[in-house]
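Here, each number is a calculation from the coordinates, and none is a lab measurement. No experiment lies behind these values; they were computed from the predicted model shown. Cβ placement follows ideal geometry from the backbone for every residue including glycine, while neighbour counts extend to all protein chains displayed.
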Amino acid sequence: MAQNTISSTSDQSYDFNVTASGIGGILYDFDISLMWKGVDQRFKNADMLLKSIDLSSNHLTGDIPPEMEYLIGLISLNLSRNNLTGEITSNIGYLKLLDVLDLSRNHLSGTIPSSLAQIDRLSVLNLSNNQLYGKIPIGTQLQSFPASSFEGNSYLCGEPLDTKCPGEEPTKSQVSTTNGGDESSIFLEAFYMSMGIGFFTGFVGLVCSILLLPSWRETYSKFLNTLILKVLKWWKQ
């Protein structure tokens, strides 16, 4: 139903009724009764029947219905490129089978629910270009997504973004960059130090050899005399 305008005509009236029951606050039955042109149809366990919802690019407004969390059979949810506001439902973690979640390019605000980190099957996530803020919940699943999944939310912080939260240690990428710079600096210092020591040792060895060994002194004197004569000869030319 992406990129559509949803409407109904006057001769097509229907009644949509959702009933739910449970024990101790735990939902165990979710039925839908649909009245369409005088015909009553009932769907049992509708929460497991619906697998995919794509309402992207429909100019939808308002909040995401909290009842969405009851669709526990949902595998793909795409509400991107609308004008949705409000917060992401805090119990979105109930959708354990969710594989794709795209809420990008809306006007959603608030923090990212911590329950989102509990969806182990999630392989595609896009929350970019909203007004979300706060720390990205810690969880192996969320930190495995690229930073582009969260970009466009000016006040989001924490991994996988490079922006660290107040009072938090630098992110891994920042630490690795810093460590890389430190290692490079240490390498250069050691390199220049070894060059200096090598030059000094060679120079001292040469001077000591010339001063202490007669054969070296004689050879060095002949070398200097020859060099001076060649320079004078070149100068006269």
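Between residue 40 and residue 140, what is 0.36 nm times their sequence separation minus the Cα-Cα distance? Round to one decimal in nm.
Full extension from residue 40 to residue 140 adds 31.4 nm.
Between residue 133 and residue 164, how high is the FRET efficiency from 1/(1 + (r/R0)^6) when r is the Cβ-Cβ distance and R₀ = 22 Å? Nearest 0.05.
0.95
Write down the radius of gyration of segment 90-131 and its Dmax, each obtained from C-alpha positions, in Å.
10.2, 26
When the distances between all Cα atoms of segment 42-164 are binned every 10 Å from zero, what whole-number percent does each bin get?
Spelled out bin by bin, segment 42-164 gives 14, 47, 33, 5, 1, 0 percent.
Given 0.36 nm per residue, what is the gain on full extension from residue 229 to residue 197 after removing their alpha carbon distance, in nm?
Working: separation 32, 0.36 × 32 = 11.52 nm, distance 3.40 nm.
8.1 nm is the gain from fully extending residue 229 to residue 197.
So how much slack lies between residue 83 and residue 59, counting 0.36 nm per residue of separation and subtracting their Cα-Cα distance, in nm?
Taking 0.36 nm per residue and subtracting the Cα distance, the gain is 8.1 nm.
List the residues, sorted by chain then number, that are 5 or more residues from residue 111 or on another chain and whose placed amide H is less than 5 Å from its amide H.
133
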